[in-house]
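This report concerns only the one structure given below.
The values are calculated or read from the model by the stated rules, or taken from the named source; none is laboratory data. Values in this document were obtained by computation on a predicted structure and should not be read as measured data. For neighbour counting, all protein chains shown are included, and Cβ atoms are generated from backbone atoms with ideal geometry for every residue, glycine included.
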Amino acid sequence: MRNNKSVEQHLTRRGWALPLVWGALLLVGVLGMPYMEGVFRWMEADARQVIYNRAEFYTLLARHLLVVGVAALVTISVGVLAGIAVTRQRGRDFLPLVGQLASLGQTFPPVAVLALAVPVLGFGTLPIIVALMLYGLLPIVRNTLVGLQDVNADIKQAALAMGMTPWQILRRVELPLAAPVILAGVRTSVTINIATAALGATVGASNLGDPIIAGIVNGNMAYVLQGALLIALLALTVDSAFDVYQQRLRTRLSAS
Amino acid sequence: MIELSHVSKHFGEETAVDDITLRIAKGKFCALVGTSGCGKSTTLRMINRLIEHSAGEITLDGQLIENYDPVKLRRRIGYVIQSTGLFPHWTVARNIGLVPRLLKWSGEDVTSRVSELMNLLGLPVAEFAHKYPHQLSGGQAQRVGVARALAADPDILLMDEPFGALDPITREKLQDELAKLQARMHKTVVFVTHDMDEALKLADHLVVMRDGGIVQQGTPLALLQHPADPFVESLLGGLERGLKQAALTRIKDHMSSLGPTLPAQSRIPGDFSLRQALSMMLRDHSDRLTVVDQQDVPIGELSLRKIVKEAQLDKG
């Protein structure tokens, strides 16, 4: 037993290493970018500026995180609640409808959502949040549905037979058992949206997409690379952190 | 006491349970036996309202079950199923303490009740309390299932083929333990099984079901002596019926007093069954056995002729 435990601890300690490395690299990138002129000068020898300087990188990062975070909060609440609602007895009729609506959200290109949202919501952060919400809903809804439906029927029946109320069964049995699958959906949704959020720069939502758009407009590949690099590092940091968390959940529920 | 009176259950066009009437007295062990799909599990689940009956009346202690709040009703009725239905993300101790915690017992009461039950079911607390269900063998998991069902000390215990998935040795061991527990606790038990030997071994009252209806019910001995039709007889083992009946008969009730002849070499305790006595006679090539008490003191003797004669008498 003790042996097992130390192996577990060892695994988790090793588990956090990766997100920490990516996070550190991201931090180095964000804070150290202004001092890397030498590196980028090599790419764009003739440009007047090789380091994007219309805003600080940490400001861009913070705004990027804000947009993704707000969108994620809304999609998780809406997606998980919808998934729960249509797996209850009373909501079962809406199950196919919700599945289709979520799929529709993802088949609709975010760029098109932006184009349609700007006239209504104006330029800025709001249209991109709406686009990310629609785009990120499907993985969460789908995984919530699968996760809840996959909970062993005998376990649910035993819970009911022991005298648990439907709410207690949901809270203490179904959601904890579906958690790893739901989390996988959240992970997919958030990771995709970190990349997609860069589009916000085209409608005036300033974030890590700014250097990319500015670079494309001005023909400055150094800008593009700086934005892309930081977005990739952010995505890797968040994704690997989710990975560790998922592993832990799975270890706790192993062989269920 | 559980009473079902002209109870039926329809699923759409299909009739799962067809007009059954059944009375289970307090403290009795009732086994529902039949082939799969005969409605025995449905009958069981109607008692704790996992399935609502379509017609007839079901009463608990004289009260219609519709008058109970289903959640409160279920907390008063223990329930054990073949696949255990243990929560995989909870430890053994937490699984067992589920119903007491639902009933808002204090933390100390739950803890002491859980350890009491774990000891009762042969699960040492130090070794098992913090294990998760996937770390248990089939037999251990089912013990936890039984402990969970008994946790809030319910009067009624519903068991749906609880030992059906276990290997024969573990199954027999758990049957013996259940019989011992029942002798101490006197719960009202409704036990569903397709294993007639299991039913004969455990039940006070045997109910044979087929196609949603009750074919015959009575004590195990009564059914063995007078099976209602060929179906019941085949369930009871056909040619083996005699032996099954012998298995339910204790030596003590059929021995004769010690005669003037020398006592036989082979000794057998009086609590054993006639079936075991027959087996010993075959093994030892002897048509006489000396019956002894728990201190190995001879208290009587048993002869093959007498057993055969008694069996004939019972039949008449």
Review point. Which is among the hydrophobic types (A, V, I, L, M, F, W, C) and touching a Pro at 6+ places or on another chain (Cβ under 9 Å), of A:LEU95, A:LEU116, A:LEU104?
Key: A:LEU116
Check your understanding: Does the range B:198-211 contain at least one residue that is over 24 Å from B:LEU174 (Cβ atoms) and at pLDDT 85 or above?
Key -> yes
**Study point:** Filter result for B:ARG94 (at pLDDT 95 or above, part of a helix (DSSP H, G or I), touching a Pro at 6+ places or on another chain (Cβ under 9 Å) and over 30 Å from B:GLU52 (Cβ atoms))
**Key:** no
Check your understanding: What is the number of the single condition among (1) within 17 Å of B:GLU3 (Cβ to Cβ); (2) of a type in the set (Phe, Trp, Tyr); (3) surrounded by 17 or more Cβ atoms within 10 Å (Cβ to Cβ); (4) within 14 Å of chain A (Cβ to nearest Cβ) that B:PHE128 does not meet?
Key -> (1)
**Study point:** Per-region count, the range B:155-174, residues among the polar types (S, T, N, Q) and at pLDDT 95 or above
**Key:** 0
**Study point:** Total residues in the range A:145-169, condition farther than 17 Å from A:GLY91 by Cα and more than 11 Å from chain B (Cβ to nearest Cβ)
**Key:** 1
Point to revise | The listed residue being among the basic types (Lys, Arg) and away from chain B (no Cβ under 14 Å), out of A:ARG250, A:ARG172, A:ARG187 | key: A:ARG187
Review point. What's the number of the condition B:THR91 fails, among (1) at positive phi; (2) touching a His at 6+ places or on another chain (Cβ under 7 Å)?
Key: (1)
Exercise for review: Could you please find all residues in the range B:244-273 being in a helix (DSSP H, G or I) and either without any contact (Cβ under 8 Å) to a residue 24 or more places away in the chain or surrounded by fewer than 16 Cβ atoms within 10 Å (Cβ to Cβ) (or both)?
Suggested key: B:LYS252, B:ASP253
Check your understanding: Is at least one residue of the range B:55-72 within 11 Å of chain A (Cβ to nearest Cβ), at positive phi, of a type outside the set (S, T, N, Q) and in contact (Cβ under 8 Å) with a residue 60 or more places away in the chain?
Key -> no
Review point. Any idea which residue in the range B:97-124 is nearest to the other protein chains (Cβ to nearest Cβ), counting only those that are over 20 Å from A:ASP154 (Cβ atoms), in a helix (DSSP H, G or I) and in contact (Cβ under 8 Å) with a residue 24 or more places away in the chain?
Key: B:PRO100
